[in-house]
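The values are calculated or read from the model by the stated rules, or taken from the named source; none is laboratory data. Small disclaimer: the values here were computed from a predicted structure and weren't measured. Neighbour counts are summed over all protein chains in view; Cβ atoms, including those assigned to glycine, are modelled from backbone coordinates with ideal geometry. Note: areas computed on protein heavy atoms with side chains; ligands, DNA, RNA excluded. Shrake-Rupley method; radii C 1.70, N 1.55, O 1.52, S 1.80 Å.
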Amino acid sequence: MKKFILSAIVVFGFSITSLQGQTRGRDYTPAVVQSKYYKWGGQKKEWSGIIPPPVERRWYSKYTSAMPGYVVLKSGEKIKGSIVIRKRWNEASKIKVVDEKGTKRPHPDGVSVIEDVQVNSNGSSKTYRTLDLRMWGCDFKKSEWSPKKKSKIPAQTFNRGKITLTSGDEFEGFICLTPIPKSDLPQYDVIYFAKNESEPVDIYLAWQLDELYQNFKPKKSPEIMVNYVPYISGRKYMIQETEWIEQLLSAPKKIDYRESGTGEMTLKSKEVLKGMFFFAKDRYVREFFYLSDENRLVHFSSIASVAKIVSTLDGKTEHYFEIDNILENSKDFLAKLEKKDNLLEGTIFMLDGSKLEGRIGLRRNENLVKSYRTIFGYYYFTDGDEPEMTEFTADDPIDYVFAMVDGVVMKYVSDGGIYVKFSELLENITSKESKDPTKVLQPGFIRFKDEVKKSGFILQANKSFYYWVSLDKKEIERYRTNDPSVNYIVQQVGEERRKFTEKDGKWIEIFQPYETYCYYRNPSPTHKKAIASALTNVALKQITKAAQAQLADEGAQAVAQANYNSSGNAVKSAQAGAQFSNDTKEAADQIIQQLDDNPLELYYLEWVIVNRKTGKEFIVFQKNDVEILSVMLQTCSTYMSMDDKEQKKLLSYKNIDEAVRVLNSCD
């Protein structure tokens, strides 16, 4: 039973452990506004008894009065209404302890949090845990808050401007920014925006914005706008464009970047951008700044979209390429491949008949020890001191590769996302044994939709792909079962020619394929088992409920023990176990809710009989087999000459093959 619950949690997308370690949202309402609107009631004890529990278990709570406000869910949805905020804390949070050095510190088991926010909107009320929120707060107007009047950073006061959200929406109004503390150059993470003096201030986080402008001198220079652009370092911030450009041009090392030359960048979208580059000072370059010729600054927080960069610095030209989300210098990368014996001389033969000769690097996954020798692709390098590199994966149009390995020329071919030696693949295919004859190399052919026929040998690896081997066994090709160019395949198994094709995205066999009537199992049945589906859902919910308490308790004990073994803190271990128990029960409740919202549906097994002359189809299943088959067979003399017992047997969906054979004998 426990195994079922764990698997059910995975199926429905809920992970018990994923509910732990969640971060709470935050209230970005300015303190001065909170002091005006947050009217807290008296504290309430959450424990009882003559003898008080330990300080870490003496919980209290208090609530604000109702006030206009909002919550923002993790999804980004904003819900407005009348809100009530609840705060919870334990007595330990009010206690200071003295450490070994005599320094007073907060009690290690002290907890004080905003627990949840109740929202009353459109006549309904709902309480949201702050673990499920990005932010919350009360409504206030621009006139009720005067931020940082004496700040040397003008962005920290309200200025006229415009914001552009990631959704593409643009708004004009008054903007105030708040920077993160102790940054070399200001990085702004919270943006306060007011459309006018009378409407409530909207609060945005930097991740919600694509761009914003401020005008510090609207009267003297209304046309001069200061631009801010995204900068992602751990999380997203907004930075002042001109300020960062000046720093990058004058002293980039102060902000952990280095000038990396002028040149052009080719994106994987084939777009070419010209300008300057400033790479991060890290050993592995995973992010950089690009300054365009038009003096616009763009921060590439990831290089996944970059194909290559060619830049010149102090007369020296360097070539950089994206390799596994790291920007690699081609010469350094070439030396690295050579050092690891992953650089070979060879030739890459393309499907269009062209070929590339020279140095070929082997693309392996160095982080997977067991599959390190597996070749996932190739790097081709041009000759010269500044080699250009082209990366190929197993999905690229490569026919095969010849490479010199230890003095021997080896042939490699693509097979399921990797490259393998042709000789080994051929040996594996030709020597494979299976009780299923279709999974053994059999004579056959592929019929393409353009009517081209490709004869040879065929082996079905699984329901996703199959192999074709030439008659002389010198060529191998791998086809996916959903290949749009293929109509069907045929395997000659003994005296029987078996035909397979794709329907509704699934691989099916056509039975009696060359007779007037053929048939197949419907991969997308349409007739539901209503009662069976309902009973299955009820059973699943009962099993979930039955296992819920047991799994939560046993899991809690295991978590508490593991926590105690590592920390030695009995109180924290107990708290960890209790949290696990609560999270497990919540996860099971969510599974039950999913079953209510999206109940499982069971379908009858359906056979589809096709008249190949007319194209007419007949669906046969448990509830209509007698009706459909009796109508089809009643004009058949062979059927009519049978006794009642034999006729009755043919009218069952379980004997579909025999029924279709009789139909074909009467045609």
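Some notes on this structure:
- Gap separating the Cα centres of segment 66-112 and segment 392-408, nearest whole Å: 60
- Note that segment 55-114 presents 56 Å² accessible area per residue, ligands and nucleic acids not counted, probe 1.4 Å.
- Per-residue packing, averaged as other Cβ atoms within 10 Å, sorts the ranges 507-515, 248-256 into the order 507-515, 248-256, beginning with the highest.
- Ile180/Lys645 FRET efficiency (R0 56 Å; Cβ-Cβ; nearest 0.05): 0.05
- Averaged per residue, segment 265-320 has 52 square angstrom of accessible surface, using a 1.4 angstrom probe with ligands and nucleic acids left out.
- If R0 is 56 Å, the Cβ-Cβ spacing of Val626 and Lys421 corresponds to a FRET efficiency of close to 0.45.
- Separation of segment 127-183 from segment 303-346 is 42 Å, based on Cα centroids.
- Here's the list of aspartates and glutamates a cross-link from Lys654 could span, going by alpha-carbon distance under 14 Å and ignoring same-chain residues fewer than 8 apart: Glu606, Asp625, Glu646.
- Qualifying trypsin sites (Lys or Arg not before Pro) for segment 373-428 [loop in DSSP, other Cβ within 10 Å: at most 15]: Arg373
- Residue-normalised accessible area of segment 357-503, given per residue in Å² at a 1.4 Å probe: 55
- Think of segment 253-385 as a dipole: +1 on every Lys or Arg Cβ, -1 on every Asp or Glu Cβ, centred on the Cα centre; then among Ser311, Leu273, Tyr284, Tyr284 lies furthest on the positive end.
- Placing unit charges on each Cβ (+1 for Lys and Arg, -1 for Asp and Glu) gives segment 55-118 a dipole about its Cα centre, and among Val84, Val98, Val111 the Cα reaching farthest toward its positive end belongs to Val84.
- Protein accessible area in segment 270-312, 1.4 Å probe - carbon and sulfur %: 48
- Computed from the Cβ-Cβ distance with R0 of 41 Å, the FRET efficiency linking Gln34 to Thr262 stands at 0.25.
- Spin-label pair Ser82-Trp59: with each label point 7 Å from Cα along the Cα-Cβ axis, the two points sit 2.7 nm from one another.
- By accessible area, using a 1.4 Å probe on protein heavy atoms only, segment 321-472 has 49% of its surface on carbon and sulfur.
- Projected label points at Glu271 and Asp504, each 7 Å from Cα along the beta carbon direction, are separated by 4.2 nanometres.
- Loop-resident trypsin sites (Lys or Arg not before Pro) (DSSP state other than H, G, I, E or B) in segment 151-189 with no more than 16 further Cβ atoms inside 10 Å of their Cβ: Lys152, Lys182.
- Proximal lysines relative to Lys96, as straight alpha-carbon distance under 30 Å, when same-chain residues fewer than 8 apart are discounted: Lys36, Lys39, Lys44, Lys45, Lys62, Lys87, Lys104, Lys182, Lys572
- Once all protein chains are placed together, Lys195 keeps about 90 Å² accessible to a 1.4 angstrom probe.
- Spacing of the two label points (7 Å from each Cα toward its C-beta) at Thr242 and Asp657, in nm: 8.2
- On full extension, the segment bounded by Ser301 and Glu391 gains 30.2 nm, given 0.36 nm per residue less the C-alpha separation.
- Percent accessible area from carbon and sulfur atoms, segment 43-117, protein chains only, probe 1.4 Å: 52
- Reachable lysines from Lys506, criterion Cα separation under 16 angstrom, eight or more residues apart if same chain: Lys463
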